[in-house]
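J.: So that we are looking at the same thing, I have put the structure below in structure tokens.
The values are calculated or read from the model by the stated rules, or taken from the named source; none is laboratory data. Fair warning: this is a prediction, and the values are worked out from it, not measured in the lab. Methodologically, a virtual Cβ is constructed for each residue, glycine included, from the backbone with ideal geometry; neighbour enumeration extends over all protein chains shown.
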Amino acid sequence: MNKNDFPILREMVYGKPLVYLDNAATTQKPQVVLDAITNAYTHFNANIHRGVHKLSQTATVEHEAARAKVASLIGAKSPNEVVFTKGTTDSINALAISFGEYAVNEGDNIIVSAVEHHSNIVPWQMLCQRKKAQLRVIPLTNDLSLDLDAYKQMLDQRTKLVSVAHVSNVLGTINPVREIIETAHSHGVPVCVDGAQSVPHMRLNVQDLNCDFLAFSAHKMYGPTGIGVLYGKEDWLVKLPPAEGGGEMIEHVSWEKTTYNTLPYKFEAGTPDFNGSYAFGKATDYITSIGWETIETHERNLVAETQQAMRHIHLNGCRLHIYAEQQPKIGTFSFNAYNHNGALIHPFDIGTLLDRQGVAVRTGHHCAEPLINLLGVPGTVRVSFALYNDENDIRIFANALEKALTMLG
Ligand code: PLP
């Protein structure tokens, strides 16, 4: 994996080489993506669709080519199933509005899990408030995996949708979404998968997984900020009403009646981020050129090797607790440290001391407050990887952590 493809990784932080381990929040961009953004704005920046002039036609072709690339990356049946949004949060909000309008009534329920990011909690809470429906939460077992027995008990005739994270953005654990989907489908209930932390790290095929909806963000997979995807099975997208009105999503507008555009445009009101989609397409090319097998193996190894390195550092009387330590993880893991008196060392203090040594990690609740409350801590230190991280990063991180513990222990 070539770090040199990512110019920002040559930055120095406080005079130290940057070790970037905050990839679950956002990834850095390779030169091809940076060039794509400049190219688009320099050579074919024009509003897409309906333009008769050359620039508009080029921009349109590139935008639709990017959609086809994204469709192929996730194994969608057709590019019509790929709706461009602003990101995962926007995708889930759009679905909550649209699906909520179509299917949810007073007394119905929606199921999410205990490890969700706020983006897969709050839109459903808002919907449930609007519709007087109930939000049900799949609890965790002692080893911090989803309690599937409890899940099976909570599905009933009033369950309208299950929406679950594929990979926890705090723990890095991989939820059994295939089983969750099969169970939901056996009750006739559709499933939305929050793929924000899985799509960037593993080969995911929506047809094979058989999810009804999938949400993810380009910026977490080497693409630009401000663009993401709501995948939906075509027969669902055909049935569902648009979440927003305005340009692009219409067929005809009159004072009496508005008719809607075909898929996927029905869900894309307003000018889309067409230069962003072009750059996102280049990010998918970059991923494909490296290959999922290589990325997946590399990132799984990084998690395992970092956890292993943490077991060997000099703790200076401190104790480290890695959450869900024994479970398979991808991309991410969280830990906390306790001083020689057994008191929690605040994750912010560790994060700050790591930062001073050039190591960027994230600390806090990671937009998953219900999970953090369940863990009974004010936050965690989260280490998250991308394809450009390497053993040298792990070594620097482990040394920096050892120093931090010496100072805080
Ligand atoms: N869902 C999960 C699991 C996430 O990790 C994140 C971001 O960290 C989101 C949703 C929200 O993504 P975005 O801020 O790109 O909309």
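J.: Conditions: (1) of a type in the set (D, E, K, R); (2) within 26 Å of Gln28 (Cα to Cα); (3) not in a helix (DSSP H, G or I). Asp393 meets all but one. Number of the miss?
T.: Of everything listed in (1) of a type in the set (D, E, K, R); (2) within 26 Å of Gln28 (Cα to Cα); (3) not in a helix (DSSP H, G or I), Asp393 misses just condition (3).
J.: Considering only the range 210-256, give the strands (runs of 3 or more DSSP E) lying wholly within it that have at least 1 residues that are under 21 Å from the mean Cα position of the chain (by Cα) and either within 11 Å of the ligand (Cβ to nearest atom) or modelled with pLDDT of 95 or more (or both). Steps first, please.
T.: Details: elements: 213-217, 228-232, 250-253.
Passing ranges, in order: 213-217, 228-232.
J.: Tally the residues that are touching a residue at least 40 places away in the same chain (Cβ under 8 Å) and assigned to a helix (DSSP H, G or I), restricting the search to the range 40-59.
T.: Start the filter on the range 40-59 by keeping residues that are touching a residue at least 40 places away in the same chain (Cβ under 8 Å), which leaves 40-41, 45, 47-49, 59.
Next cut, assigned to a helix (DSSP H, G or I) only: 40-41, 59.
Residues meeting the conditions: 3.
J.: Identify, please: which residue in the range 354-369 is in a loop (DSSP other than H, G, I, E, B) and within 15 Å of the ligand (Cβ to nearest atom) and is, among those, surrounded by the most Cβ atoms within 10 Å (Cβ to Cβ)? Show your work before the answer.
T.: At the first step, the residues of the range 354-369 found to be in a loop (DSSP other than H, G, I, E, B) are 356-358, 361, 365-368.
With the extra rule that they be within 15 Å of the ligand (Cβ to nearest atom), the set shrinks to 361, 365-368.
Numbers: Val361: 24, His365: 18, His366: 23, Cys367: 18, Ala368: 26.
Of everything passing the filter in the range 354-369, Ala368 is surrounded by the most Cβ atoms within 10 Å (Cβ to Cβ).
J.: Could you check the range 115-129 and list, in sequence order, the residues that are surrounded by fewer than 19 Cβ atoms within 10 Å (Cβ to Cβ) and either more than 10 Å from the ligand (Cβ to nearest atom) or free of Cβ contacts under 8 Å to residues at least 60 places away in the same chain (or both)? First the steps, then the outcome.
T.: So in the range 115-129, the residues surrounded by fewer than 19 Cβ atoms within 10 Å (Cβ to Cβ) come out as 118, 122, 125-126, 129.
Result: Val122, Gln125, Met126, Gln129.
J.: Right, something else. Check off (1) within 27 Å of Lys220 (Cα to Cα); (2) part of a helix (DSSP H, G or I); (3) not aliphatic (A, V, I, L, M) for Tyr102 and give me the number that stays unchecked.
T.: Unmet condition: (1).
J.: Hey, could you check the range 370-388 for residues that are crowded, with 18+ Cβ neighbours inside 10 Å and not aliphatic (A, V, I, L, M) and say which is farthest from His346 (Cα to Cα)?
T.: Kept after step one, since they are crowded, with 18+ Cβ neighbours inside 10 Å, are these residues of the range 370-388: 371-372, 375, 379-388.
From what's left, not aliphatic (A, V, I, L, M): 379-380, 382, 384-385, 388.
On the way: Gly379: 8, Thr380: 8, Arg382: 13, Ser384: 19, Phe385: 22, Tyr388: 29 Å.
Taking the candidates together, the pick is Tyr388.
J.: Can you find, within the range 9-25, the residue that is farthest from the ligand (Cβ to nearest atom) among those that are surrounded by 14 or more Cβ atoms within 10 Å (Cβ to Cβ) and in a loop (DSSP other than H, G, I, E, B)?
T.: Leu18
J.: If the Cβ limit is 8 Å and pairs must be 6+ apart or interchain, which residue in the range 68-97 that is more than 13 Å from Gln207 (Cα to Cα) pairs with which residue that is within 12 Å of the ligand (Cβ to nearest atom) and aromatic (Phe, Trp, Tyr)?
T.: Short answer, once both residue conditions are applied: Thr88/Phe216; Ser91/Phe216.
J.: Take the range 75-107 and flag every residue that is within 16 Å of the ligand (Cβ to nearest atom) and in contact with a helix residue (DSSP H, G or I) (Cβ under 8 Å, 6 or more places away or on another chain). Write out each step before concluding.
T.: Our first condition is that a residue be within 16 Å of the ligand (Cβ to nearest atom); within the range 75-107, this holds for 83-97.
Answer for the range 75-107, where residues must be within 16 Å of the ligand (Cβ to nearest atom) and in contact with a helix residue (DSSP H, G or I) (Cβ under 8 Å, 6 or more places away or on another chain): Val83, Phe84, Thr85, Gly87, Thr88, Thr89, Ile92, Asn93, Ala94, Leu95, Ala96, Ile97.
J.: Take the conditions aliphatic (A, V, I, L, M), in a strand (DSSP E or B) and either under 18 Å from the mean Cα position of the chain (by Cα) or buried (at least 19 other Cβ atoms within 10 Å of the Cβ) (or both) and apply them to Val112. Does it pass? If you could, list the steps in order and put the result at the bottom.
T.: On the way: aliphatic (A, V, I, L, M): yes; in a strand (DSSP E or B): yes; either under 18 Å from the mean Cα position of the chain (by Cα) or buried (at least 19 other Cβ atoms within 10 Å of the Cβ) (or both): yes.
The answer is yes for Val112.
J.: Shifting gears a bit: Whether any residue in the range 205-227 is surrounded by fewer than 18 Cβ atoms within 10 Å (Cβ to Cβ) and over 25 Å from Val167 (Cβ atoms) is what I want to check.
T.: No, the range 205-227 contains no residue that is surrounded by fewer than 18 Cβ atoms within 10 Å (Cβ to Cβ) and over 25 Å from Val167 (Cβ atoms).
J.: Out of the range 143-161, which residues are in a loop (DSSP other than H, G, I, E, B) and closer than 15 Å to Asn175 by Cα? Step through it out loud before you land on a result.
T.: Initial filter on the range 143-161 (in a loop (DSSP other than H, G, I, E, B)): 143-145, 147, 155-158.
Asp143, Leu144, Ser145, Asp147 - these are the residues of the range 143-161 that are in a loop (DSSP other than H, G, I, E, B) and closer than 15 Å to Asn175 by Cα.
J.: Another question, if that's okay. Tell me, please, whether a residue that is buried (at least 20 other Cβ atoms within 10 Å of the Cβ) and either touching a strand residue (DSSP E or B) at 6+ places or on another chain (Cβ under 7 Å) or closer than 30 Å to Lys329 by Cβ (or both) can be found in the range 31-38.
T.: Going residue by residue through the range 31-38, those that are buried (at least 20 other Cβ atoms within 10 Å of the Cβ) are 33, 36.
If we keep only those that are either touching a strand residue (DSSP E or B) at 6+ places or on another chain (Cβ under 7 Å) or closer than 30 Å to Lys329 by Cβ (or both) too, we end up with 33.
Checked the range 31-38: at least one residue is buried (at least 20 other Cβ atoms within 10 Å of the Cβ) and either touching a strand residue (DSSP E or B) at 6+ places or on another chain (Cβ under 7 Å) or closer than 30 Å to Lys329 by Cβ (or both).
J.: Filter the range 176-204 down to residues that are within 12 Å of the ligand (Cβ to nearest atom) and in contact with a His (Cβ under 6 Å, 6 or more places away or on another chain) and give me whichever is farthest from Glu325 (Cα to Cα).
T.: Per the stated criteria, the residue is Val193.
J.: From the list Thr259, Thr288, Thr271, which one is touching a residue at least 60 places away in the same chain (Cβ under 8 Å) and not in a helix (DSSP H, G or I)?
T.: Numbers: Thr259 fails: touching a residue at least 60 places away in the same chain (Cβ under 8 Å); Thr288 fails: not in a helix (DSSP H, G or I).
When all the criteria are applied, what remains is Thr271.
J.: Has the range 31-44 got at least one residue that is touching a Ser or Thr at 6+ places or on another chain (Cβ under 6 Å) and more than 16 Å from the ligand (Cβ to nearest atom)? Full working, then the answer.
T.: Here is the first cut: in the range 31-44, the residues touching a Ser or Thr at 6+ places or on another chain (Cβ under 6 Å) are 44.
Next cut, more than 16 Å from the ligand (Cβ to nearest atom) only: 44.
Looking through the range 31-44, at least one residue is touching a Ser or Thr at 6+ places or on another chain (Cβ under 6 Å) and more than 16 Å from the ligand (Cβ to nearest atom).
J.: Within the range 346-392, how many residues turn out to be under 18 Å from Met310 (Cβ atoms), under 23 Å from the mean Cα position of the chain (by Cα) and touching a residue at least 60 places away in the same chain (Cβ under 8 Å)?
T.: 11
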